[in-house]
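Enquirer: I have a structure I would like to understand better, so I am pasting it below and will then ask my questions one at a time.
The values are calculated or read from the model by the stated rules, or taken from the named source; none is laboratory data. Computed from a predicted structure; not experimentally measured. Here Cβ is always computed from backbone atoms with ideal geometry, including for glycine, and neighbour counts include all displayed protein chains.
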Amino acid sequence: MGPPAVAYDTVYVTSRGDEPNLTALDVATGDLRWQESGLGSETNLSPTVAGGLVFLVADKVLYALDAHGGERRWQFEPGTVTTDDGQERGDYLQRDSVAVAGGTVFALSNKRLIALDAETGDERWTDGVDDWASSTFSGRPIAADGVAAAVKAGVVTIYDAETGTERSTVPTHSLDVLTDDRVYAVTDAEDGDRKTVTGYDSETGDRVWQPSDGDGSVASAVVDDDSVYVGLEESGVAAFDRTDGRGEWRVDTGTEPRQIAVVGDTVYVGGDSLFAIRTDGEDRVDGGGDGDENSSDDGNESTDAGNESIDGSENEAADDTDTESSDDADETPGFTAGTSIAGGALALEWLRRRIGDDE
């Protein structure tokens, strides 16, 4: 079972083995809406929801199911490929989640990035590795408005989402966040002793952004219109201005973050507990521009405008920034971790909504 996806007031979660492969639950009550079994014993970690469809890779086949009733709309299997040496070789879909943007589904096989029409499953374009014997695609694809990206032969490759034309390559094998103009990746810092986050121009591949005062080692990153939020390997989360890299604030959660997401004016950090950090909190300690590791009082207790620990008790979490999934949001580039600017926001947004319903 992997992280759930949330859309249309429904939670979609996968399972393996003899249990149903895909289950849809009412987001407010947890009641069963539908289940789809028989897809195969090995599913990908998380479904992707967009355009009224749920996309799921099971036993090397990509399925598109109706998000509301679970009916199968289409399925796709790459099959064999004829290589330059004239041999027929198998090329199977990876189990990683697919990305969806602009009516196109992006899926990775071992040797190709494949773009499919989201409504019909028809193939739009493909790109393959040059050295079939030793090179592969790895990780998962990411898509945003007009662009798609994947790790090809060890480097990030940026594509025009409509045509498949390569725009640029980025000198890193890490692919964390894609926006319409940048790629953000967790990379080695210049001192070689820690990880940092780096922003690259998606048109040129040039490095255009790094934190100006970050001194902690970064584990993960998500981005919104104004800031880059990073989970710190030591403990907590920090925010940096997306324009100049200036440190905005830092909160110590007392635990190493394993997942970070941003929804509206709230950053969620998942570790041993789930913390909700207000990005517009008036009373939160400002990180300033000098790299000071300012945090909440003791790393575990919440402040009025800083963080809120959610550990199973009914703590107050949601405010009026709560967002609702609807058909108007169909073009969001994927509803899984890292697929959109907000990263894995929707899995955590489900928790946020449930708490909001309990208030």
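Enquirer: Where residues in segment 114-159 are assigned to a strand (DSSP E or B) and of a type in the set (S, T, N, Q), which of them is nearest to VAL98 (Cα to Cα)? Walk me through it before giving the result.
Expert: Taking segment 114-159 as the starting set, the residues that turn out to be assigned to a strand (DSSP E or B) are 114-117, 123-128, 137-144, 147-152, 155-159.
Imposing the further condition that a residue be of a type in the set (S, T, N, Q) reduces the set to 126, 138, 157.
Numbers: THR126: 14, SER138: 12, THR157: 16 Å.
In this case the residue turns out to be SER138.
Enquirer: Here is a further query. Which is small (Gly, Ala, Ser) and surrounded by fewer than 22 Cβ atoms within 10 Å (Cβ to Cβ), of GLY247, GLY236, GLY264, GLY214?
Expert: GLY264
Enquirer: Another one. Return the only residue of VAL186, VAL151, VAL147 being touching a Gly at 6+ places or on another chain (Cβ under 9 Å) and crowded, with 18+ Cβ neighbours inside 10 Å.
Expert: VAL151
Enquirer: If you don't mind, another one. So ASP206 clears everything in (1) at pLDDT 90 or above; (2) under 20 Å from the mean Cα position of the chain (by Cα) except one condition, right? Which one?
Expert: Every condition holds for ASP206 apart from (2).
Enquirer: Within segment 59-72, does at least one residue satisfy the condition of being within 22 Å of GLU166 (Cα to Cα), surrounded by 23 or more Cβ atoms within 10 Å (Cβ to Cβ) and of a type in the set (Phe, Trp, Tyr)?
Expert: No, segment 59-72 has no match at all.
Enquirer: Can you give me the number of residues within segment 175-203 that are of a type in the set (Gly, Ala, Ser), under 19 Å from the mean Cα position of the chain (by Cα) and over 22 Å from ASP96 (Cβ atoms)?
Expert: The total comes to 1.
Enquirer: Do we have any residue at all in segment 64-85 that's within 22 Å of the chain's Cα centre (by Cα), closer than 22 Å to LEU175 by Cβ, of a type outside the set (Phe, Trp, Tyr) and part of a strand (DSSP E or B)?
Expert: no
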